[in-house]
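Structure first, commentary second.
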Amino acid sequence: MVPPVALAALASITLYLLPALIGLAAGRRREPFTRCLDAGAAMALDAVAVLLLARWLPLSDATWVARGAWLAAALVAWRRGALRLRPSLTSLALLGACVALVWQGFHRISYELALWDRDWHVPLVSSLRAQRAPFDNVFLPRAALRYHYLGDVVAAMIQSLARGRINASLALSLAHDVYLSLTAAVVALACHFAALSGPPRSVARGLLGAAAGLAGAWATIFASPFVLTHAPLRELLETSDSGPLCGHSYLPFASIAYRPHVVVAGYFLAQTLLAMAAVARADGRGPDTRRHLAALLAAAAPLALCDEASHALVGGALLCSAWLVPGSLGRRWLAGVAVAAGYLALLPVMSAGLDGSLAIGGAASHVELVPWRHLKLFEEPVTLEDRALFFRVLKRDYGPQLGAAAVALVAALWTRRRAVIAPAVFYAALTAASLFAALRVEVNQAPEEGHRFVTASMLLAPALAAWVVASTRGAWLPRLAMVAVIVASGGSGWAWRSAFIRHRFVAQALPSERRWTGTYNPNEVDCLRFSGPPRRGQPPVEYVDAEIAYIWAGCQPVRLLGGASKWNLAVHGIRTGWLAHSGYLAQGPEVAPAAVVCETSPLRSWPSMPCGWATSHLRCVRQGIFTRCDLPASQREDFYRNLH
């Protein structure tokens with residue numbers, strides 16, 4: 001029998017992807033890749049529509065209203081005969097292979113661990129369901145959320161569509177796997193389309209395009225700095241230390257994609273590159289050019305709320321390509337420049353209009369130029385004073401990107417075809433700007449945050465390489481060099497992933513990425529059974545016992561007391577005990593807890609002091625594994641005295 005949580009998860013994913021399915025089916029006589037881009041444009045439109053509706057409705061209600069509107073539109077289109085979906089067997093096979101790649105590569109990490117800052121994102125996602133925009137920070141009750149929050153909103157939408165049965169942690173994992181599968185699929189289908197565009201069409205070219213697409217899809221989701229030379233092959237296959245298989249300055253995409261906004265941004269970055277490449281391939285005169293340009297501009301809207309650094313760099317690279325390569329973004333030079341300028345303009349418009357990171361009061365408060373240096377991640381910064389080490393780290397961290405840019409330019413000169421020239425110029429400009437920003441720009445005196453400037457260049461290197469391999473005729477030397485780029489980037493990421501899994505799952509102890517969740521695995525919790533139906537209305541401030549804090553906060557919308565980081569966004573854990581005591585007093589009565597939430601049957605031999613006092617002195621209601629005790633204002637001082 002299928003567990004209710006699994007059924008709810010499957011239903012929520014299907015409903016979430018409803019706009020994409022309608023985008024795939026709408027219209028007639030279109031290439032499969034054009035339908036794929038239309039699906040991405042529909043998802044971008046859906047995200048913006050839900051956020052606009054959330055100005056008047058709680059996010060959960062806005063999600064359902066948007067689904068109703070999509071169903072109504074689909075019904076009208078169907079009655080007019082405008083819905084027609086007959087996917088080819090090849091397209092279905094490529095999509096299935098991409099889903100299998102993601103499942104094989106990430107299912108253990110996604111559903112048995114809780115990576116990166118999930119201890120912040122779990123309560124945030126759950127609280128967003130009950131909030132209206134502009135949103136509040138779940139851990140800082142008086143602080144507005146000025147953040148690239150769309151990844152959290154996607155997870156909140158998935159949790160809402162599951163009717164609150166799944167935990168926010170599972171919703172985040174589902175969002176990760178869905179968007180990673182979509183990213184792989186758009187790369188694979190683009191390469192297959194490129195190989196078959198133009199005469200002569202043959203089975204051999206179709207197979208080449210499919211093979212290049214799958215290789216590019218695999219390498220894109222495992223995009224990484226070049227680390228295959230760090231150890232002998234046997235050690236790469238056996239080591240359990242994934243640290244040396246990261247870059248000096250930034251992590252593989254397989255790791256950072258577990259930050260909710262990064263994996264969503266990755267999909268729209270891939271869509272931007274491949275939509276531009278498709279326009280250039282048709283010299284701006286193809287029958288689907290307008291749809292491709294619409295998909296490109298649509299991708300800019302959600303990207304502004306996911307990864308503003310990548311948006312700015314990609315927009316600048318598009319402008320460079322449109323300026324230098326007429327026809328890369330439309331038939332006329334001026335029209336192409338206007339499209340690129342519009343792409344860039346959407347960054348401040350979307351971010352400021354929908355309270356993203358660039359809105360007033362956003363996270364990036366101080367930006368400065370610093371001397372040339374490699375970022376500090378796990379190791380010390382490397383300055384230009386040690387030239388030998390500086391350029392050795394440069395080769396290690398940026399080898400795939402520099403290689404892809406150089407080989408793409410060679411292929412452009414070799415073939416002299418706009419389908420290669422335009423993406424090559426775009427990617428060369430992107431890589432140059434990314435490299436400069438990573439090595440010289442510092443935000444909020446946090447050198448390690450410079451990894452944000454590398455995401456787009458790292459992710460798009462194998463996608464570009466696969467496009468060149470599939471779309472180029474002849475030019476075997478550049479194409480073989482691009483295969484080397486695919487192997488270097490994807491192989492490095494796969495080596496990191498394999499070492500990471502060996503280290504986390506061979507040992508008998510609970511992995512560190514799960515210890516903070518407490519006794520229960522949040523990905524398996526049935527919230528309706530454990531905590532009851534999700535409550536409506538503004539999330540209340542509550543004190544939750546540390547043992548169950550993240551399970552409760554992942555099921556029920558709640559605001560919690562936390563401590564701000566230097567970005568005034570992320571937190572360093574939920575505040576309990578004396579930290580909570582001083583925190584509540586400092587915040588004042590406006591953010592005093594309205595209830596105390598404890599574990600019904602604690603596994604330890606005695607409950608914590610706050611819970612022992614609360615269950616003895618307050619009116620409590622038991623719901624599954626939780627016991628919630630209302631805390632009236634008259635007894636708050638007694639509660640504060642028992643915070644230890």
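The values are calculated or read from the model by the stated rules, or taken from the named source; none is laboratory data. Quick caveat: nothing in here was measured; it's all calculated off a predicted structure. For neighbour counting, all protein chains shown are included, and Cβ atoms are generated from backbone atoms with ideal geometry for every residue, glycine included. Surface areas here come from the heavy atoms of the whole protein model, side chains and all, with no ligands, DNA or RNA. Shrake-Rupley method; radii C 1.70, N 1.55, O 1.52, S 1.80 Å.
Points worth noting:
- Note on the range 427-474: residues that are under 30 Å from GLY213 (Cα atoms), in contact with a Lys or Arg (Cβ under 7 Å, 6 or more places away or on another chain) and not small (Gly, Ala, Ser) total 3.
- Checked against the criterion of being in contact with a Leu (Cβ under 7 Å, 6 or more places away or on another chain), open to solvent by 10 Å² or more (accessible area, probe 1.4 Å) and under 30 Å from GLU31 (Cβ atoms), the candidates LEU189, LEU150, LEU174, LEU182 yield just one match: LEU189.
- Some residue of the range 407-420 being farther than 24 Å from GLY336 by Cα and either of a type in the set (S, T, N, Q) or within 29 Å of the chain's Cα centre (by Cα) (or both): yes
- Members of the range 574-591 found to be in contact with a strand residue (DSSP E or B) (Cβ under 7 Å, 6 or more places away or on another chain) and among the small types (Gly, Ala, Ser), listed by number: ALA580
- Candidate set from the range 368-413 (those that are of a type in the set (Lys, Arg) and surrounded by 12 or more Cβ atoms within 10 Å (Cβ to Cβ)); member that is modelled with the lowest pLDDT: LYS376
Table: residues versus (1) at pLDDT 85 or above; (2) surrounded by fewer than 16 Cβ atoms within 10 Å (Cβ to Cβ); (3) assigned to a helix (DSSP H, G or I); (4) among the hydroxyl-bearing types (Ser, Thr, Tyr).
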| position | (1), (2), (3), (4) |
| --- | --- |
| THR90 | no, no, yes, yes |
| SER110 | yes, no, yes, yes |
| VAL122 | yes, no, yes, no |
| ARG132 | yes, no, no, no |
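- Residues located in the range 401-445, provided they are within 19 Å of ARG479 (Cβ to Cβ) and of a type in the set (Ser, Thr, Tyr): THR415, TYR427
- In the range 275-304, the residues that are farther than 18 Å from LEU334 by Cβ reach residues that are open to solvent by 40 Å² or more (accessible area, probe 1.4 Å) and assigned to a helix (DSSP H, G or I) with C-beta atoms within less than 6 angstrom, at least six apart or across chains, in these pairs: ALA300/LEU346; ALA301/LEU346; ALA304/LEU346.
- Residue in the range 259-277 that is open to solvent by less than 30 Å² (accessible area, probe 1.4 Å), modelled with pLDDT of 85 or more and over 29 Å from SER173 (Cβ atoms) present: yes
- Here LEU128 meets each of (1) among the aliphatic types (A, V, I, L, M); (2) more than 22 Å from ALA359 (Cβ to Cβ); (3) in contact with a helix residue (DSSP H, G or I) (Cβ under 9 Å, 6 or more places away or on another chain); (4) not in a loop (DSSP other than H, G, I, E, B) with one exception, condition (2).
- When residues in the range 143-158 are screened for being at pLDDT 95 or above and either closer than 28 Å to GLU590 by Cβ or in contact with an Asp or Glu (Cβ under 8 Å, 6 or more places away or on another chain) (or both), 3 of them pass.
Matching residues to (1) aliphatic (A, V, I, L, M); (2) buried (at least 24 other Cβ atoms within 10 Å of the Cβ):
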residue: THR289; (1), (2): no, no
residue: ALA295; (1), (2): yes, yes
residue: CYS306; (1), (2): no, yes
residue: ALA340; (1), (2): yes, yes
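- Inter-residue pairs, beta-carbon under 6 Å, first within 17 Å of TYR398 (Cβ to Cβ) and in the range 453-469, second in a loop (DSSP other than H, G, I, E, B), 6+ apart: VAL454/TYR250; MET458/ALA223; LEU459/ALA223; PRO462/ALA223
- Within the range 416-423, none of the residues are open to solvent by 60 Å² or more (accessible area, probe 1.4 Å), in a loop (DSSP other than H, G, I, E, B) and in contact with a strand residue (DSSP E or B) (Cβ under 7 Å, 6 or more places away or on another chain).
- Selection count, the range 193-227, where residues are touching a Leu at 6+ places or on another chain (Cβ under 8 Å), at pLDDT 85 or above and open to solvent by 10 Å² or more (accessible area, probe 1.4 Å): 3
- Qualifying residues in the range 583-609 (those that are in contact with a Leu (Cβ under 9 Å, 6 or more places away or on another chain) and modelled with pLDDT under 85) - the one nearest to VAL541 (Cα to Cα): VAL591
- Scanning the range 310-338 for residues that are touching a residue at least 24 places away in the same chain (Cβ under 8 Å) and surrounded by 24 or more Cβ atoms within 10 Å (Cβ to Cβ) gives SER310, HIS311, LEU313, VAL314, ALA317, LEU318, SER321, SER328, LEU329, GLY330, GLY336.
- Top-ranked residue in the range 60-88 [being assigned to a helix (DSSP H, G or I) and charged (D, E, K, R); ranked as surrounded by the most Cβ atoms within 10 Å (Cβ to Cβ)]: ARG67
- Hey, LEU10 touching a Pro at 6+ places or on another chain (Cβ under 9 Å), surrounded by fewer than 19 Cβ atoms within 10 Å (Cβ to Cβ) and in a helix (DSSP H, G or I) or not: no
- Complete set of residues in the range 331-367 that are modelled with pLDDT under 85 and within 15 Å of PRO302 (Cβ to Cβ): GLY356, SER357, LEU358
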